[in-house]
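Since the structure comes first, as structure tokens, the remarks are kept for the end.
The values are calculated or read from the model by the stated rules, or taken from the named source; none is laboratory data. Just so it is clear, the structure is predicted and the values come from calculations on it, not from any experiment. When we count neighbours, we look across all protein chains shown, and the Cβ atoms used for this are built from the backbone with ideal geometry, even at glycine. Remember, those area values only see protein heavy atoms, side chains included, never the ligands or the DNA or RNA. Shrake-Rupley method; radii C 1.70, N 1.55, O 1.52, S 1.80 Å.
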Amino acid sequence: MEQTIEKIATADHGHGIGHHEEHHHVETFINKYIFSQDHKMIARQFLFTGMIWAIIGGLFSVLFRVQLGWPDATFPALEQLFGNWFTDGKLDPNAYYMLVTMHGTIMVFFVLTAGLSGTFANFLIPLQIGARDMASGFINMLSYWFFFASSVVMFSSFFVSGGAASGGWTIYPPLSALPQASPGSGAGMTLWLISMTLFIGSTLMGGLNYVSTVLNLRTKGMDLFRMPLTVWALFFTAIIGILSFPVLVSGVVLLVFDRTLGTSFYLSDIYIAGKALSNSGGSPILFQHLFWFLGHPEVYIVILPAMGMVSEILATNSRKPIFGYKAMVFSILGITILGFIVWAHHMFMSGMNPFIGSVFTLFTLLIAIPSAVKVFNWLTTLWRGNIRLNSASLFSIGFVSVFISGGVTGIWLGNAIIDVQLHDTYFVVAHFHIVMGIAAFFGMFAGVYHWFPKMFGRFMNETLGYVHFFVSFIGSYIIFWPMHYLGMSGVPRRYYSFKEFQAFSQYDDLNKIISMGAIMVFIAQLLFVANFVYSIYRGRKMTKDNLNPWQSNTLEWTTDVEPGHGNWKGAIPTVYRWAYDYSKNPTGADFTPQNVPLTEEELANESKKH
Amino acid sequence: MSHGHILGDSEYKSQVSAVWKATLYMGIITIVEVVIALLWMNYLADSLPRLMLNVFFIVASALKAFFIIAEFMHLKYEKRALIISLAVPLVFLVWAIIAFSWEASAWFHMKGLVSP
Amino acid sequence: MSAFLLILTVALVIIVVFQIGKSAELARILRGEEGKEETNSSLALITSVIGFIILILSIITIFIYKPKFLPVSASEQGVWIQQMINWTMFFTCTVYIFTTFLLFWFVYKYQYKKDRKAFWFPDDLRLELAWTIIPAIVLTVLVVLGIQKWFKVFSPAPSDAIIVEAIGQQFKWNIRYAGADKILGKKDFSLTNSDNELGINWNDKNSHDDFMADEIVLPVNTPVLFKLGALDVLHNFNLSQFRMKMDCVPGIPTEYWMRPTISTDSMRLITGNPEFDYEVNCSEMCGSAHYNMRKVLKVVSRAEYDKWAKDQSENHSYYKTVVLPAMKEKGGEISMNTDTTKNNIKH
Amino acid sequence: MAEETVLHHPEIETGHEPFMPADEFASNSPMKVSYGKMMMWYFLLSDAFTFSAFLISYGAIRMSNAWWPDPNHVFNAMPFMGHRKIPLGFVSIMTFILILSSVAVVLAVIEGHRMNKKGVLKWMLGGIIGGAAFLGCQAWEWAHLIEEGLRPFYNPFGPDEKGLTHLVHETLTKSPGPVAFGALFFGITGFHGFHVFTGVCLNVWGFFATLSGKFEKVGHYEMIEKLGLYWHFVDLVWVFVFLAFYLL
């Protein structure tokens, strides 16, 4: 409360308000760019940090793809660059597992959770619902700095002896609990756990802020059912984060105890390195349950914001209202609820009770229904539209395509019986990379291209955007489509080399194609980063007479080119309609922003309805 | 609850008495719980199934939890929307409890497969 | 030096594309409104062409790579799984082709035209109901079929099943057969030490004819029950050609049964590969040599198996070949602590 | 979720300031609570999930073990009572202490609504003393169990011949009872104790902030309400910890 008033006074130079014993803060470099409480600056901080992590995570994937694609070749150049991860020009198995683990951790948590929903929830929620800022700017700031601290801890884990965590991003004990089981389960694992605890703190603070902002700070007329779908999606994302991450806290705390105090939560009857341990009575499967209670909702944390943004961008660029707005909202709600009750479908083959497995199969396949509704609604939104193609809408269309391709294989894996064959094969890798990796990234790119002018007051280079899209789109299919075939051939994931096995060693061609695709896509992402950084400083400027470059209906385009802290200079616009009045009037303008009052004709129609 | 509003005397009295009443109930429930636990331990262990006792304990605790949430945390007097938004997520926990206990009994059964 | 060259090459590629992109962008802006529609139209064409190429290639390559997929299932259970996959494949491929086709067709068909107005179509209850209910029906079918088969696979093993114990350890498999009496000797973790890594209770007479095998040998058409466990971390006992997979969990024994139907020799004929062998691999991340946990599995005729098993049990039982000599060497003082009742009291 | 969406906003219409304090938007809130209280509520919901995960894990481990120590035999000591066995006696006292301290904080909140600074101070002090007393009791209980040999990695409470809980005094390398018992007890009561400790610290801060007249100046005691919510939550968790460890 106090902070809000302070914050308000900070931003609002000169406008008198009720409680004004407050003083005008001077905007210094530190409180404007570093310890900023402005949601837009925090969003940019999340975006930059997320991008740096994405480059690191992507680079890791290139490194281990090099090993998988050319298992017999040596790469002295990589050894020069990455030192002790390579011996004699070949990736070390331990380093390989470390890279795989960190690629997963970084991408899932740091890029697609913090980088995606951290960026866009911060940026879009206040701007699109018509609020001056988040409910609590201070907690919002803390949320970023917890994330930053967590990043620093995770980054430092690359440099400890034994390297970073290497037990897979799911850190299943006992592998992660016993330092003698793997070099990465030593100090690296400890830092992983610390980093993740800080990260959960960050998500929690962010999530509480997003939820209370959406509920309490909407401008006049902004009913819940007038909110853009982005806000709905980010709202539910925040709810999922609030409810699922705490369970990971419990799981992580118990794992820390097992590692440090010799407790027996997850350990029982273990004989390792020639010694029988005294732990007994724990259950390794318990950790898997706790982990996936978070882990499954986590994939919706990753995909929902992308869905929201894509809905918004598709509607804007096809100049049509999103089809079935309420169905879209309820399908997000449905996905949220189902997301919490299906976690164990990751564990069908973990020794879980087969009876309970069947219940989880049932719940899991139910998720296909809201997902299908969303896909059909997007298609209908495009149908008979007037589709403008730019980088943002291309990535949105790409999103729908990969979401279909990755979504249908979910029906395979969700069915426990098929999972017997496909569990832990490349089929799984293909499925989740397409449906939550590539799709979420495409949503993120669409969002960046679409809101870049709002974030930085300049445009990105569209032509490079097209190149970025086409290479990424084709590349994604080159990388991940063949993985289905590997999976159907039984090739297991997380293998450093397939040479030992007759059955798995005959796919050199596919692995090479996949690796080349990965390198190509990675370079395309570097191009995007170059475009991004260049455009911040030298991109085409957004001008004052064209504040709404995409002719969009939502409120963020009613602000200045680069809105200051507080977003609107004058009064906050009042909202009279939902966010999707595109091409409503067959003769008039093809869009009607939310802050335009209803016409008399519309009023008459409204009253007729009631 | 708006801030400008200052409690009147009658409101104040009724609120304070509601709090004490809830305290009294909770105290009674706790005493009954402990007494029954001791009775069961000393006299009833053979005649009453343990399950019945456990159900009683769970119900009694839920009742105590209700008093804390409703009276002490004042939730009873808040908007229904808030109550629902807090209660609905707890359904996930119910499913979690069912699933985890189901699993635990399976582990128990599986361990029995090798232990003599 | 080579590292420097590598970075330089990547940077150069990016810079070249970047420069081209910059000038193309400039040209595009100079052409103004008219250019916009033209760009839009060519983008629509490129996108939908790429989309269709992906769609077609993704379907065609399935047939190209199908011969490389797992050969026909070598177990009865695997055949059920394969049926389920076929059903699911039929439905999902239909949906995939249909929706992807529509998506890229719409992109081309409804591309931006200056004087076209999009069709105001915010909702339609019947349509929405249709695509809620149709997937629901299809999924019901898949769930029912799937769960039925799931329970068939996880039914209790037949009583005539051969029992094989597989214990995962970093980074090898310990295979124990029940021997002539068809009963595995009891194990107790408190007996585990470096002489007896599996913690087998040698006081249990059933354990004396148990034997440890270097390769798994199974008779064809006889059910086999795998009792799985792990000593250190999680492993996964994966028989990909049999479509079988189950985690090995330290502290919690798991099991899985199946009926092999194709012998190694027949499979060699089917695959046309005279070197073919069934292989066991580990499918659960278990440490740095996770990718090396290989064990060969042979499916032979019943007679061959019986002969092999008899020989192993009589002449190569673990107790006879390893434990007894060790006991003699130590003067019969190998620790045989049998007081295990304390820790195993049941409810 | 949207229980009722407010279509007309009389308050906002009259609010002419371009920068509206967040609370004036509360008329737009379907919950009709300030954002601060809402954040506290949802934080508590989130924390409830953490505790539930702990307790569910406890349940799962307990159910998958063949034998579990009987709380009536484990928790039967009382300070100043020598070797007299009073099952559940001490922990009942702890429960009462925590409930009473919760009551004190509720009364402080109510006094806050009357803008009665002295009343708030009096009852906050009561709440703080209760919390500190609870922590003291817990420390004693921990110390006592540690003295009996309970450790996170060792559990001296094993079954005797009849399967009844029996404290084994000699130190064995292998626990007589399920090892996880000690770990779970220290882990979960410790996590709860940590919450109590945080709560006491926050309440002390609230006390001094009240003393300095901070809330009087602001015009309301909402901060005390938020502290109260947290404090009651700690009490609430105790109800379930009590249930899981001492009753069932």
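Annotations for the structure displayed:
- Residue in the range A:193-207 that is more than 14 Å from chain C (Cβ to nearest Cβ), surrounded by 24 or more Cβ atoms within 10 Å (Cβ to Cβ) and free of Cβ contacts under 8 Å to residues at least 40 places away in the same chain present: yes
- Residues that are more than 7 Å from every other protein chain (Cβ to nearest Cβ) and open to solvent by less than 20 Å² (accessible area, probe 1.4 Å), drawn from the range C:277-299: C:Tyr278, C:Val280, C:Cys282, C:Met293, C:Leu297, C:Val299
- Comparison of A:His39, A:His19, A:His25 shows that the only residue that is touching a Pro at 6+ places or on another chain (Cβ under 8 Å) and modelled with pLDDT under 85 is A:His19.
- Condition broken by A:Gly50, with the remaining ones in (1) open to solvent by 30 Å² or more (accessible area, probe 1.4 Å); (2) modelled with pLDDT of 95 or more; (3) not hydrophobic (A, V, I, L, M, F, W, C) satisfied: (1)
- If you go through the range A:239-250 and keep only what is more than 7 Å from every other protein chain (Cβ to nearest Cβ) and open to solvent by less than 10 Å² (accessible area, probe 1.4 Å), you end up with A:Ile240, A:Gly241, A:Ser244, A:Phe245, A:Leu248.
- A:Arg540 satisfies every condition listed in (1) within 11 Å of chain C (Cβ to nearest Cβ); (2) touching a Gly at 6+ places or on another chain (Cβ under 6 Å); (3) open to solvent by 70 Å² or more (accessible area, probe 1.4 Å) except (2).
- Taking the range C:103-116 as the range and being within 7 Å of another protein chain (Cβ to nearest Cβ), surrounded by 18 or more Cβ atoms within 10 Å (Cβ to Cβ) and not hydroxyl-bearing (Ser, Thr, Tyr) as the test, the residues that pass are C:Leu103, C:Phe106, C:Val107, C:Gln111.
- Sub-9 Å Cβ pairs linking a first residue in the range D:234-248 that is on the phi < 0 side of the Ramachandran plot and polar (S, T, N, Q) to a second residue that is surrounded by fewer than 21 Cβ atoms within 10 Å (Cβ to Cβ) and not in a helix (DSSP H, G or I), at least 6 apart or interchain, number zero.
- Scope the range A:578-594; condition within 20 Å of A:Ile313 (Cβ to Cβ) and free of Cβ contacts under 8 Å to residues at least 60 places away in the same chain; matching residues: A:Ala589, A:Thr592, A:Pro593
- When A:Phe452, A:Phe498 are checked against the criterion of being more than 7 Å from every other protein chain (Cβ to nearest Cβ) and in a helix (DSSP H, G or I), a single residue qualifies: A:Phe452.
- Lone qualifier among D:Ile61, D:Ile97 - being closer than 30 Å to B:Ala45 by Cβ, in the same structural domain as D:Phe215 (by TED's automatic domain parsing) and either open to solvent by 20 Å² or more (accessible area, probe 1.4 Å) or modelled with pLDDT under 90 (or both): D:Ile97
- Checked against (1) at pLDDT 90 or above; (2) more than 26 Å from D:Arg114 (Cα to Cα); (3) surrounded by fewer than 19 Cβ atoms within 10 Å (Cβ to Cβ), B:Ala45 passes all but condition (1).
- Enumeration of residues in the range A:521-545 that are part of a helix (DSSP H, G or I) and either more than 22 Å from the chain's Cα centre (by Cα) or outside the structural domain of A:Met455 (by TED's automatic domain parsing) (or both): A:Tyr534, A:Ser535, A:Ile536, A:Tyr537, A:Arg538
- Here C:Asn315 clears all of (1) touching a residue at least 60 places away in the same chain (Cβ under 8 Å); (2) more than 24 Å from the chain's Cα centre (by Cα); (3) open to solvent by 20 Å² or more (accessible area, probe 1.4 Å) except the condition numbered (1).
- Residues (without any contact (Cβ under 8 Å) to a residue 60 or more places away in the chain and within 9 Å of chain A (Cβ to nearest Cβ)) located in the range C:134-153: C:Ile134, C:Pro135, C:Ala136, C:Val138, C:Leu139, C:Thr140, C:Leu142, C:Val143, C:Ile147, C:Gln148, C:Trp150, C:Phe151
- Every listed requirement among (1) farther than 30 Å from A:Ile387 by Cα; (2) within 14 Å of chain C (Cβ to nearest Cβ); (3) open to solvent by 10 Å² or more (accessible area, probe 1.4 Å) is met by A:Tyr325 save one, (1).
- Some residue of the range C:176-184 being of a type outside the set (D, E, K, R) and within 11 Å of another protein chain (Cβ to nearest Cβ): yes
- In the range A:386-403 there is no residue matching the filter, namely being of a type in the set (Ser, Thr, Tyr), more than 8 Å from chain C (Cβ to nearest Cβ) and within 30 Å of C:Phe237 (Cβ to Cβ).
- Flag if A:Gly262 is open to solvent by 10 Å² or more (accessible area, probe 1.4 Å) and either modelled with pLDDT under 90 or not in a helix (DSSP H, G or I) (or both): yes
- Residue in the range A:76-85 that is more than 30 Å from the chain's Cα centre (by Cα), open to solvent by less than 40 Å² (accessible area, probe 1.4 Å), on the phi < 0 side of the Ramachandran plot and not polar (S, T, N, Q) present: yes
- Some residue of the range A:272-287 being closer than 30 Å to A:Val448 by Cβ and either at the interface with chain C (Cβ under 9 Å from one of its Cβ atoms) or not hydroxyl-bearing (Ser, Thr, Tyr) (or both): no
- Extreme residue, surrounded by the fewest Cβ atoms within 10 Å (Cβ to Cβ), among residues of the range C:49-79 that are touching a helix residue (DSSP H, G or I) at 6+ places or on another chain (Cβ under 7 Å), over 17 Å from C:Met89 (Cβ atoms) and among the hydrophobic types (A, V, I, L, M, F, W, C): C:Phe52
- Extreme residue, nearest to D:Asp235 (Cα to Cα), among residues of the range D:169-193 that are open to solvent by 20 Å² or more (accessible area, probe 1.4 Å) and modelled with pLDDT under 90: D:His169
- Of all the listed residues (C:Val224, C:Val220), the sole one being out of contact with any helix residue (DSSP H, G or I) (no Cβ under 6 Å at 6 or more places or on another chain), touching a residue at least 60 places away in the same chain (Cβ under 8 Å), among the hydrophobic types (A, V, I, L, M, F, W, C) and surrounded by fewer than 20 Cβ atoms within 10 Å (Cβ to Cβ) is C:Val220.
- In this entry, C:Ser155 passes the filter for residues that are among the small types (Gly, Ala, Ser) and exposed (fewer than 14 other Cβ atoms within 10 Å of the Cβ).
- From the options A:Thr381, A:Thr409, residue that is within 22 Å of the chain's Cα centre (by Cα) and more than 14 Å from chain B (Cβ to nearest Cβ): A:Thr409
- Exclusive hit being closer than 21 Å to A:Val253 by Cβ and touching a Pro at 6+ places or on another chain (Cβ under 6 Å), set A:Ser176, A:Ser185: A:Ser185
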